[in-house]
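Just below is one structure, and these are the notes that go with it.
The values are calculated or read from the model by the stated rules, or taken from the named source; none is laboratory data. Everything numeric in this text was worked out from a predicted model, so none of it was measured. No Cβ is skipped: glycine too gets one built from the backbone with ideal geometry, and neighbour counts run over all protein chains shown. SASA here: full protein model, heavy atoms, side chains in, ligands and nucleic acids out. Shrake-Rupley method; radii C 1.70, N 1.55, O 1.52, S 1.80 Å.
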Amino acid sequence: MAEKLKDLVILGGGTAGWLCAAILSKRLAGHSIQVSLVESEEIGLIGVGEATIPPIRAALSFLGIDEIEFVKATQGSFKLGIEFVDWLRLDHAYLHPFGAFGADWDGVPFHQHFLRYRALGGGIGYQDFSLTALAAKAGKFCSALDTTAFHRNWNYAFHFDSALAAPFFRNYAQAHGVRRIEGVVEDATQDGDGYITALALQDGTAVNGDFFIDCSGFRSKLLGDTLDTPFEDWSDVLFCDTAVAAPSKREEAARPYTRAVARDAGWQWEIPLAHRNGNGYVFSSRYTDVETAKNTLIASLGDRIAADPRVIRFKPGRRSSFWVKNCVAIGLAAGFLEPLESTAIHLSQLGVFWLLPFIPNYRPCPEEIALYNHQMAAAYEQAKNFILLHYLTSQRSDTDFWRDCARVTPPDALACRIRAFTETGRCFIPEGELFSQGSWLAVMMGQGIDPESYPFYADAGEDRAASLRLENLHSAFVEQVKRVPRHEAAIA
Ligand SMILES: Cc1cc2nc3c(=O)[nH]c(=O)nc-3n(C[C@H](O)[C@H](O)[C@H](O)COP(=O)(O)OP(=O)(O)OC[C@H]3O[C@@H](n4cnc5c(N)ncnc54)[C@H](O)[C@@H]3O)c2cc1C
């Protein structure tokens, strides 16, 4: 009979730790495996991380959690995309909306029909063929449309209060048998092969385990400290390394989207929650200092600011391996990329879902460890390239920060993707990549990448009929948005 895993221990009770515990408690139910989570109130949580991307809905669905219940409990709101203000150039804005743009037909992707339409003199912009972009700008939201016709065009995520998300998942996990242990982990003991056997708490308690998940945040207490896994520093391409964050009161209605406003040495987020806005200026300490950044944030919020700005420092990059021996790191303990496209919580979710099929009976299999590490590394790389796309294609040259961002040499995969789209109007995204073709196109076009041509096969059929088809689709989207309620109604 196979040896059996008995004790699985998670270190860290932030959003990553408790989300992980909730998912494991559901997946391991009925297998007599005790899941324990050690966390320390004294150390606390990072306290930021309030915007998500649509796959979070799959995690809630897996857990059997009602979305409305989740939004209520976390003072949340709904997110149809991200608006990028002043990224391409000053006084310019575009949305990266969720959900597909337009509709494909005759085997031709929508954006190529659009390129033909535009070449024929069509005046409706690409963004206006996104149902969610139109709804976002109109301040509208609903969780399900009154038609199935635009099913592919509608998708959303959530904003939530970072202080309420971890407790929400904690309640779920504890109700499903996860044991919570309060205490500060000082050290970890290892066997002769280097496998972790127990966590040593400050009060002398030992928490024994067969398998460990490190969700200890930037400390990376187990993967980084105990197992000495090197950190790959990406600050040569991603310059931002500090954030100043503060909540604010809101006078206007909550927008159903996140805003990312480019600033002199980085960018500022605005995340609308039910009871307040979350704000933060993410910047590079090589180009400005904390005081200037705080003043920029304070000036932008005026008397709506609701607390003194908090400073959070980070290093962009990831651990060279995510899984070493009997320890997997998930969340900030594994790595972090600046929050421009809200990828961090999603990468935690991937980290745990991709682990589920590989949870070992006892000793992990090296080939499976390698496979997991390969998959996770690819996901981080894809997130990095997508974030870099925004910086490398900016036409801003008004500050040293933006001038230097434009000088960064793109990784080959990113350079190829931009070049192929520019030259051919094609955008091929392999199955399973972190961001879809729709997301890449929204940002490439939003950032002013203009294809020089489009594939000949998009020229099928009569010109006027093709243009009319696009115009009718746009009109149908506009009519549909009229029937969607206001976002405030949804969050009320
Ligand atoms: C400026 C900024 C903005 C962000 N915005 C977003 C966003 O909009 N969207 C998004 O998806 N992500 C965002 N993130 C990332 C997001 O904050 C994290 O992914 C998320 O909060 C999960 O963090 P965590 O659980 O890994 O770490 P933490 O919240 O830091 O939790 C670590 C846990 O480990 C415990 N711990 C640590 N050491 C010990 C020890 N020795 N003993 C006992 N317990 C210990 C702590 O007490 C805590 O419980 C942002 C991050 C930053 C820095």
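Points to keep in mind about this one:
- Restricting the stretch 319-345 to residues that are within 7 Å of the ligand (Cβ to nearest atom) and out of contact with any strand residue (DSSP E or B) (no Cβ under 9 Å at 6 or more places or on another chain), the residue that is nearest to K221 (Cα to Cα): L332
- Residue match in the stretch 180-191 (condition: part of a loop (DSSP other than H, G, I, E, B), farther than 30 Å from K482 by Cβ and open to solvent by 30 Å² or more (accessible area, probe 1.4 Å)): yes
- Taken over the stretch 285-318, the criterion of being among the β-branched types (V, I, T) and either more than 14 Å from the ligand (Cβ to nearest atom) or closer than 30 Å to L5 by Cα (or both) is satisfied by T288, T292, T296, I298, I305.
- Residue check for G49: surrounded by fewer than 17 Cβ atoms within 10 Å (Cβ to Cβ), within 16 Å of the ligand (Cβ to nearest atom) and farther than 21 Å from G209 by Cβ: no
- The set of residues in the stretch 61-88 that are surrounded by 16 or more Cβ atoms within 10 Å (Cβ to Cβ), farther than 16 Å from V443 by Cβ and of a type in the set (A, V, I, L, M) comprises L63, I65, V71, A73.
- All strands (runs of 3 or more DSSP E) inside the stretch 194-264 with 2 or more residues being more than 24 Å from K384 (Cβ to Cβ): 196-201, 206-208, 211-214, 242-248
- Leading residue by the ranking (farthest from A254 (Cα to Cα)) among those in the stretch 148-199 that are in contact with a strand residue (DSSP E or B) (Cβ under 9 Å, 6 or more places away or on another chain) and of a type in the set (F, W, Y): Y195
- Any pair with Cβ under 7 angstrom, 6 or more apart, that starts in the stretch 309-335 at a residue that is within 11 Å of F212 (Cβ to Cβ) and ends at one that is of a type in the set (D, E) and surrounded by fewer than 24 Cβ atoms within 10 Å (Cβ to Cβ): N326/D210
- When each of F212, F239, F231, F218 is tested for being of a type outside the set (A, V, I, L, M), under 26 Å from I23 (Cα atoms) and open to solvent by 10 Å² or more (accessible area, probe 1.4 Å), the lone residue that passes is F218.
- Inter-residue pairs, beta-carbon under 7 Å, first of a type in the set (D, E, K, R) and in the stretch 24-50, second more than 12 Å from the ligand (Cβ to nearest atom), 6+ apart: K26/F62; K26/L63; K26/H176; R27/L356
- Checking L340 against (1) open to solvent by 20 Å² or more (accessible area, probe 1.4 Å); (2) part of a helix (DSSP H, G or I), the condition it does not meet: (1)
- Residues satisfying the criterion are present in the stretch 25-33 (criterion: of a type in the set (S, T, N, Q) and over 18 Å from S162 (Cα atoms)).
- Among the residues of the stretch 20-48, those that are touching a Leu at 6+ places or on another chain (Cβ under 9 Å) and within 29 Å of N277 (Cβ to Cβ) comprise C20, A22, E39, I46.
- Hits in the stretch 33-89 - residues which are among the charged types (D, E, K, R) and part of a loop (DSSP other than H, G, I, E, B): E41, E42, E50, D66, D86, R89
- Residue match in the stretch 97-114 (condition: of a type in the set (S, T, N, Q) and open to solvent by less than 40 Å² (accessible area, probe 1.4 Å)): yes
- Meets criteria (surrounded by fewer than 20 Cβ atoms within 10 Å (Cβ to Cβ) and in contact with a Pro (Cβ under 8 Å, 6 or more places away or on another chain)) for Q437: yes
- Residue check, E270 more than 15 Å from the ligand (Cβ to nearest atom), closer than 23 Å to A93 by Cα and not basic (K, R): no
Okay, residues lined up against (1) over 18 Å from R118 (Cα atoms); (2) open to solvent by 30 Å² or more (accessible area, probe 1.4 Å); (3) in a loop (DSSP other than H, G, I, E, B); (4) of a type outside the set (V, I, T):
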{"position": "M376", "(1), (2), (3), (4)": "yes, no, no, yes"}
{"position": "Y391", "(1), (2), (3), (4)": "yes, no, no, yes"}
{"position": "R396", "(1), (2), (3), (4)": "yes, no, yes, yes"}
{"position": "W402", "(1), (2), (3), (4)": "yes, no, no, yes"}
{"position": "A406", "(1), (2), (3), (4)": "yes, yes, no, yes"}
{"position": "A413", "(1), (2), (3), (4)": "yes, yes, no, yes"}
{"position": "E433", "(1), (2), (3), (4)": "yes, yes, yes, yes"}
{"position": "G461", "(1), (2), (3), (4)": "no, yes, yes, yes"}
{"position": "S467", "(1), (2), (3), (4)": "no, no, no, yes"}
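- Verdict on S285 being more than 30 Å from L37 (Cα to Cα), among the polar types (S, T, N, Q), open to solvent by 10 Å² or more (accessible area, probe 1.4 Å) and in contact (Cβ under 8 Å) with a residue 40 or more places away in the chain: yes
- All conditions but one from (1) outside any helix (DSSP H, G or I); (2) on the phi < 0 side of the Ramachandran plot apply to R170; the one that does not is (1).
- Residue in the stretch 123-132 that is open to solvent by less than 10 Å² (accessible area, probe 1.4 Å), under 19 Å from A260 (Cβ atoms) and not small (G, A, S) present: yes
- Among the numbered conditions (1) buried (at least 16 other Cβ atoms within 10 Å of the Cβ); (2) outside any strand (DSSP E or B); (3) not polar (S, T, N, Q), the only one that F158 does not meet is (2).
- Qualifying residue in the stretch 254-261 (condition: open to solvent by 30 Å² or more (accessible area, probe 1.4 Å), of a type in the set (D, E, K, R) and within 11 Å of the ligand (Cβ to nearest atom)): no
- When residues in the stretch 438-461 are screened for being over 20 Å from the mean Cα position of the chain (by Cα), under 14 Å from G125 (Cα atoms) and among the small types (G, A, S), 1 of them pass.
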